[in-house]
Every structure is written in structure tokens, then in C-alpha cells.
1. Could you please let me know if Gly103 is surrounded by fewer than 23 Cβ atoms within 10 Å (Cβ to Cβ), in the same structural domain as Asp240 (by TED's automatic domain parsing) and in contact (Cβ under 8 Å) with a residue 60 or more places away in the chain?
2. Which condition number does Ser72 fail, the rest of (1) in contact (Cβ under 8 Å) with a residue 24 or more places away in the chain; (2) surrounded by fewer than 20 Cβ atoms within 10 Å (Cβ to Cβ) being met?
3. Please find, among Asp258, Asp267, Asp213, Asp238, the residue that is more than 30 Å from Asp325 (Cβ to Cβ) and either away from the ligand (no atom under 16 Å from the Cβ) or buried (at least 22 other Cβ atoms within 10 Å of the Cβ) (or both).
4. What are the residues in segment 271-294 that are over 24 Å from the mean Cα position of the chain (by Cα) and aliphatic (A, V, I, L, M), if any?
5. Here are some conditions: (1) part of a helix (DSSP H, G or I); (2) more than 16 Å from the ligand (Cβ to nearest atom). Ala107 meets all but one. Which one does it not meet?
6. Give the residue that is surrounded by the most Cβ atoms within 10 Å (Cβ to Cβ), with candidates limited to residues of segment 369-388 that are more than 21 Å from Ile127 (Cα to Cα) and not hydrophobic (A, V, I, L, M, F, W, C).
Amino acid sequence: MHMVDLIRKKRYGGALSDAEIDAVVRGATDGSIPDYQLSALMMAICFQGMTKHETARLTRAMARSGDMVDLSGIDGVKVDKHSTGGVGDKTSLVIVPIAAACGVKVAKMSGRGLGHTGGTVDKMESIPGMRTAIDRAEFLEIVNRVGCAVIGQSGNLCPADKKLYALRDVTGTVESIPLIASSIMSKKIAAGSDRILLDVKTGSGAFMKTQADAEALAREMVEIGALVGRKTVALLTDMDRPLGHAIGNALEIAEVCDTLLGHGPADLSAMCLELAANMIYLGEKAETLDEARRLAQAAVESGAAFEKLCAMVEAQGGDTAYLRDTDRLARGKVQATFAAPESGYIIHADAEQIGRASVLLGAGRETKDSAIDFGAGIVLHKNKGDGVQAGEPIATLYADSSEQCDEAQEALQAAFVFGPEKPAETPLVLARIE
Ligand code: URA
């Protein structure tokens, strides 16, 4: 096999054979194919696309390029969840304990934040003592005993994807539906769960800005799941405005606790109940989605879901005193108010822009190696659709310095658009794809 022939074949719209795809993935993993040839092939795929068969084969080959987690030692149907990423998206830490409180086993590997989006592992590490690097045996033991565990992705999961994603990131070849779908699904398949729930976000704070693109990505991933024998359901959800009130790691943990105790923000609570219900249904703990919704609601109302979060955090070394009294969690030592520059309704709250402001405050990373300030971030008092008077607080900012607050204030000026009329409400869940 000559790599240059494969690049040409794809460039002219041909389909790569199974053997050719396997060889590319092998070469990406062992370093025998140079970066420039891999990059050229990724660019040809961006222009020409891939057939469903090619995409499924690429997914399978990347999943097998490193460790394949064996969860057979855990009883019952194991359900995983993946979000394509957003601003204020702390849903995993709410729905994993709800699903586990209803009997679903969840062995989840999560990522860190990058760019304007947050990551579950960073949020968890804002709980003092919390361990997210846990070896395989202990991970399985915690899931068996507690019902759920959330850890960072292990070093050798999908090395081919790691290589290709790093190249795509710097060669303008991230935005390709078959490449994104195979990248996400390869990691989910390698992580070993039987069923997968995908939260595919669309809007200003999402990777997929349009609903059509998000739906195409969701369909592609659901089909890959079916082709490789892992039942997959996708919810298409709104990320055109931040989810909930809190953006920033410890601030979001406090909001996770509020939501599990039944007094979280309405949008976040509704979104989490729907996602949790889908996990419970996929995990075969309910006959219908309606029954799953009732079980999820009951797990919150009884306090069982909050206690499940505490049990998971304790098993992973975290100090649950910070969950039972969230005022003890880190808070940036400097606070500032972002006030409405004019009166009217907020007709747009640009989630990406607000996420970028939270990074300026120290809540996210400018580069992959930047340090995070767990106490930094934003608490929104108003969101899209709310009416405000000029000078009324829209958000409180938390940071380590007033310079950071000044920079974030400037970024926030461009994030909010005001108008005389209340905008129409958009549904939180736009579609369910099975
Ligand atoms: N997230 C991934 O894991 N892979 C992509 O290609 C894009 C987003």
C-alpha cells in the first residue's frame, strides 16, 4: 500500500477499502506514516467525505488502536454518555448519579475543557481530594460497589484518534462529519459500555453551529453505534445560550448539588431529567421513557441521586463536606458585576462569547497546558428571554484579579444583544434520534 495512492484515491472521491483504512490507522498509531501524508488524507476526506461503511471501519480501527476497556466484570447493562461540549454544561455530574440511583451502571471516562467549553474532569477536580486518575481495577470496583464512577481518559485509549485529532486541529480539518463522528465514537466504543447516550449540542456555544449539521452528526454517530453493535441514542439539544446559571468549575459543582437537591435552574433541571431518563431507559431500568422520567424525578425528590453523587465522590477520594455545604468550595477572591448596558429583553446570549469570558477569568485553558483557577467563573442572573433594566446585574464574575474581571467585562459587552420584544422560547431538546 502506498499512502500517496490512497490520498489520490480519496482526493478523486473513491472509497477506501477496509484493508486501506486499517493500514492508515496502523501507520498513524506506530508513527510510520508521516504527518504530512496523514494531513493530506484528512483534507481529502474533508472535501470528499466517507461512505457509512468507511466511517464505521475507521471508527472500529481507531477504537482498536489502543486499550479496549473490558467492563464485563460489572453486572448489568452499562450505559455511557457523551456531550459534544458546551458552556455551563455540567449535565454529566447530574445525570450519572440520577441514573446510578435508578440502578444503571455507569463507568464513564471524561475529558478536560479546552477553548470556550468546560470539561467534566476539571469540574470534579475542584472538589478537594477528588481523584480522576484511577487504575482500571479500582475503577471497576467503584462502579460495582457504588454504581458509577467518572474518571479521566486513560493514556492509551484510541492513540490513532489522538494522533489524527492533533493533526486535524492544526490543519483546518476538524470540521468533517465522518471524522468527528468516528473520533467521538471510537473513544466511546473503546471505553467499553454496552449502550451510549449522545448529547449533541447546537447553537452559538456548540461545535455544530447549525441544527442541520448537528443532526447530520447525530445521525452518523447513531448509525455507527448500530453498525458496531452498541445501541446509541442521540438527543439534539440547545446550546445557543449557556445552560444553567454557573460557568466555571467549582461554581458548576455547587449548581450540580443544587440541581440534584431539586432546586437547580429550571433549564438545567429539565435538560438533566430528560437526559437521565434516556440513560435509565437505555439501561433497561424502565419499560418506557415516561416511566424513566418518573424514576429520574423520584431519585431527585427522595435525595437518592444526591447521595449517589456523594458516594461516588467519596469513593474517588473527594471530601463530601464541600458538596453538603457548597459555600466551602473555591470562589475567586475578586468579584465584579456585569450590568445591563441598556433596558430591554435579552434576545441573544452568545454562549461561545460568554465561555470565552470565563476563560479570561481563569476558569478555562488558553492552551492545553494552562492552569485552571477552580474558583473563577461567571454566575448569570439573567439569560436569553429575560427582561432587564439598564444598570441591573446580569452576571457576577469571579477571578483572582480585577484585571481579569475588566477583560471579561469587555468580552461580555459583545455577548448580549437587547431588543424591545421577548424572543420566542426555543425548546431545550430539539430532537431525539434513535
Ligand atoms: N471531539 C472529538 O472527540 N473529536 C472530534 O473530532 C471533535 C470533537
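The values are calculated or read from the model by the stated rules, or taken from the named source; none is laboratory data. It should be emphasised that the depicted structure is a prediction, and the values quoted were computed from it without experimental measurement. Note that we place each Cβ from the backbone using ideal geometry, even for glycine, and neighbour counts take in every protein chain shown.
1. Values: surrounded by fewer than 23 Cβ atoms within 10 Å (Cβ to Cβ): yes; in the same structural domain as Asp240 (by TED's automatic domain parsing): yes; in contact (Cβ under 8 Å) with a residue 60 or more places away in the chain: yes.
So Gly103 passes the test.
2. Going through (1) in contact (Cβ under 8 Å) with a residue 24 or more places away in the chain; (2) surrounded by fewer than 20 Cβ atoms within 10 Å (Cβ to Cβ) one by one, Ser72 breaks only (1).
3. On the way: Asp258 fails: more than 30 Å from Asp325 (Cβ to Cβ); Asp267 fails: more than 30 Å from Asp325 (Cβ to Cβ); Asp213 fails: either away from the ligand (no atom under 16 Å from the Cβ) or buried (at least 22 other Cβ atoms within 10 Å of the Cβ) (or both).
Only one candidate qualifies: Asp238.
4. Scanning segment 271-294 gives a single hit, Ala286.
5. Among (1) part of a helix (DSSP H, G or I); (2) more than 16 Å from the ligand (Cβ to nearest atom), Ala107 violates only (1).
6. Let us first name the residues in segment 369-388 that are more than 21 Å from Ile127 (Cα to Cα), namely 380-388.
Filter once more, so that each one left must be not hydrophobic (A, V, I, L, M, F, W, C): 381-387.
Working: His381: 15, Lys382: 19, Asn383: 21, Lys384: 24, Gly385: 15, Asp386: 15, Gly387: 13.
Out of the qualifying residues, it is Lys384.
Residue-by-condition table, conditions (1) closer than 24 Å to Gly152 by Cβ; (2) touching a helix residue (DSSP H, G or I) at 6+ places or on another chain (Cβ under 9 Å); (3) touching a residue at least 12 places away in the same chain (Cβ under 8 Å):
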| site | (1), (2), (3) |
| --- | --- |
| Lys9 | no, yes, no |
| Val24 | no, yes, yes |
| Thr29 | yes, yes, yes |
| Met42 | no, yes, yes |
| Gly49 | no, yes, yes |
| Thr55 | no, yes, yes |
| Leu58 | no, yes, yes |
| Val79 | yes, yes, yes |
| Thr91 | yes, yes, yes |
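Table: residues versus (1) out of contact with any strand residue (DSSP E or B) (no Cβ under 9 Å at 6 or more places or on another chain); (2) within 16 Å of the ligand (Cβ to nearest atom).
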| residue | (1), (2) |
| --- | --- |
| Met50 | yes, yes |
| Gly73 | yes, no |
| Lys78 | no, no |
| Cys102 | yes, no |
| Leu114 | yes, yes |
